[in-house]
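Step one of this worksheet: look at the structure below.
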Amino acid sequence: MLAEDLELIPGRWIGSKHPCFVIAEIGQNHQGNIYTAKQLIETAKKCGADCVKFQKAYNGEKFNKAALARPYLSKHSWGRTYGEHKKYLEFSDEDFRELRNYAEKVIKIPFTASAMDSKSVSFLESMKVPFIKIGSGDVKNIPLIRQAAATNIPLVISTGMSDMEGVQEIYATVKQLHKKFILLHCVSAYPPPPREINLRVISEFQDRFPDVHIGYSGHECGIGVCLAAVTKGARVIERHITLDKNLKGNDHHCSLEPKEFKQMVEEIRTIEAALGQRQKRIQDSELPCIAKLGKTIVAATNLSKGTVLTPECVKIKVAEPKGLDPKEYEGRRLNRDVAEDESITTQCVQTL
Ligand SMILES: CC(=O)N[C@H](C=O)[C@@H](O)[C@H](O)[C@H](O)COP(=O)(O)O
Ligand SMILES: C=C(OP(=O)(O)O)C(=O)O
């Protein structure tokens, strides 16, 4: 059974007859600064995104103590340990409410987040977000996925760091409860090499899971791969957005700056319009070109009245006035003399 249209956001449907839904993933590109987060929300709206997304985690729930204590020596680190780093970046529940209010009431763009632990699922449920994102970090976290599905809120589920068997399990888990979910192909590398992106996985997902919509969450550099994903039928595209690719932080360099993000959305809209239908026919926009450069027949030599037209009698040229179409000499006789190179029009022929 083909996927039914899905109302991901009140009034905003996902499906073959609806525009691709573009998620601006702010993630942690706000540098732990609520003012920057608000700037990113406003920028995402200006770039044409359909919604903004953050990442919600309670560090003590997402990580164990040893993981929080491990040194994080990367140039992208905001602390000596991974715990200090994550603490610096994490927004409080109150911050989340403020950001949601800012997004929805001030900027007028839908707001949601990925839930990175069980407490975060409950928090997002209490916030009544329009949909919950499950990031690739939780592909194997079937209890979390089941908990999120049980809220009955639509889900967008990424599948980076998983093989097909893992994706089958996610699909089967959510399907037991409802079909209001979208699977995103994703490769969790920042950025992934193009040969490891395998956009054809989108087609494989479409074949294996025909009753749900499929999308793509990209971490590659540039916008080309996401545009190609749209031509493969991705109904949702998710990309990180940044104010500056050179900022400190793991995701900035493979995020899209405002100009690029806006261009991606515009190109997606152009591609959607351009994909059109399978039917090959002459389009209205081609008529001027047919009038200017379309070829018709002229007399190959001086031809006298009564000549039965054969291939030897005609040449095919851009002619003035327009003559008969190249094939239309068949079964016709001239009803007057036609000089060499003169157009052979309907007025100079009669049927045999
Ligand atoms: C898998 C996953 O969660 N990936 C997220 C979404 O793409 C990323 O934004 C990570 O949170 C980010 O790359 C982590 O960076 P760091 O380790 O420097 O905080
Ligand atoms: C990790 C996330 O996304 P993805 O797996 O799509 O990159 C996320 O949404 O938090």
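The values are calculated or read from the model by the stated rules, or taken from the named source; none is laboratory data. Keep in mind that this is a model prediction, so the values were computed, not measured. Ideal geometry is used to build each Cβ from the backbone, glycine not excepted, and the neighbour counts take in all protein chains shown.
Quick notes
- Selected residue [at negative phi, at pLDDT 95 or above and exposed (fewer than 12 other Cβ atoms within 10 Å of the Cβ)] from S188, S217, S285: S285
- Flag for I182 being among the β-branched types (V, I, T), surrounded by 22 or more Cβ atoms within 10 Å (Cβ to Cβ) and part of a helix (DSSP H, G or I): no
- Tally of residues being over 23 Å from E94 (Cβ atoms) and either touching a residue at least 60 places away in the same chain (Cβ under 8 Å) or surrounded by 13 or more Cβ atoms within 10 Å (Cβ to Cβ) (or both) across segment 44-68: 6
- The set of residues in segment 1-59 that are of a type in the set (S, T, Y), farther than 17 Å from G249 by Cβ and modelled with pLDDT of 95 or more contains only Y58.
- The residues listed here are K245, K295, K232, K317; of these, the one that is within 37 Å of the chain's Cα centre (by Cα), free of Cβ contacts under 8 Å to residues at least 40 places away in the same chain and more than 16 Å from ligand 1 (Cβ to nearest atom) is K232.
Every residue, every condition in (1) closer than 26 Å to L275 by Cβ; (2) assigned to a helix (DSSP H, G or I); (3) of a type in the set (D, E), yes or no:
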{"site": "L2", "(1), (2), (3)": "yes, no, no"}
{"site": "V22", "(1), (2), (3)": "yes, no, no"}
{"site": "E25", "(1), (2), (3)": "yes, no, yes"}
{"site": "N29", "(1), (2), (3)": "no, no, no"}
{"site": "G32", "(1), (2), (3)": "no, no, no"}
{"site": "Y35", "(1), (2), (3)": "no, yes, no"}
{"site": "A44", "(1), (2), (3)": "yes, yes, no"}
{"site": "G48", "(1), (2), (3)": "yes, no, no"}
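- Restricted to segment 64-147, the set of helices (runs of 4 or more DSSP H) holding at least 1 residues that are modelled with pLDDT under 95, over 32 Å from the mean Cα position of the chain (by Cα) and hydrophobic (A, V, I, L, M, F, W, C) is empty.
- Of residues in segment 138-162 being in contact with a strand residue (DSSP E or B) (Cβ under 6 Å, 6 or more places away or on another chain) and polar (S, T, N, Q), the one farthest from ligand 1 (Cβ to nearest atom): T159
- Flag if R12 is more than 16 Å from ligand 1 (Cβ to nearest atom) and surrounded by fewer than 21 Cβ atoms within 10 Å (Cβ to Cβ): yes
- Which listed residue is under 30 Å from K46 (Cα atoms), of a type outside the set (A, V, I, L, M, F, W, C) and within 16 Å of ligand 2 (Cβ to nearest atom), from S162, S120, S126: S120
- Pick from segment 118-137, criterion closer than 18 Å to E25 by Cβ and either of a type outside the set (A, V, I, L, M) or touching a Ser or Thr at 6+ places or on another chain (Cβ under 6 Å) (or both), ranking: farthest from ligand 1 (Cβ to nearest atom): P130
- Going through (1) assigned to a helix (DSSP H, G or I); (2) surrounded by 17 or more Cβ atoms within 10 Å (Cβ to Cβ); (3) touching a helix residue (DSSP H, G or I) at 6+ places or on another chain (Cβ under 9 Å); (4) in contact (Cβ under 8 Å) with a residue 24 or more places away in the chain one by one, V201 falls short only on (4).
- If you go through segment 58-76 and keep only what is under 17 Å from D138 (Cβ atoms) and in contact with a helix residue (DSSP H, G or I) (Cβ under 6 Å, 6 or more places away or on another chain), you end up with Y58, N59, E61.
- Count of residues meeting criterion [more than 12 Å from ligand 2 (Cβ to nearest atom) and either among the polar types (S, T, N, Q) or in contact with a strand residue (DSSP E or B) (Cβ under 6 Å, 6 or more places away or on another chain) (or both)] in segment 181-198: 2
- One residue stands out in segment 15-27 among those that are crowded, with 24+ Cβ neighbours inside 10 Å and of a type outside the set (V, I, T): the one that is farthest from ligand 2 (Cβ to nearest atom), namely F21.
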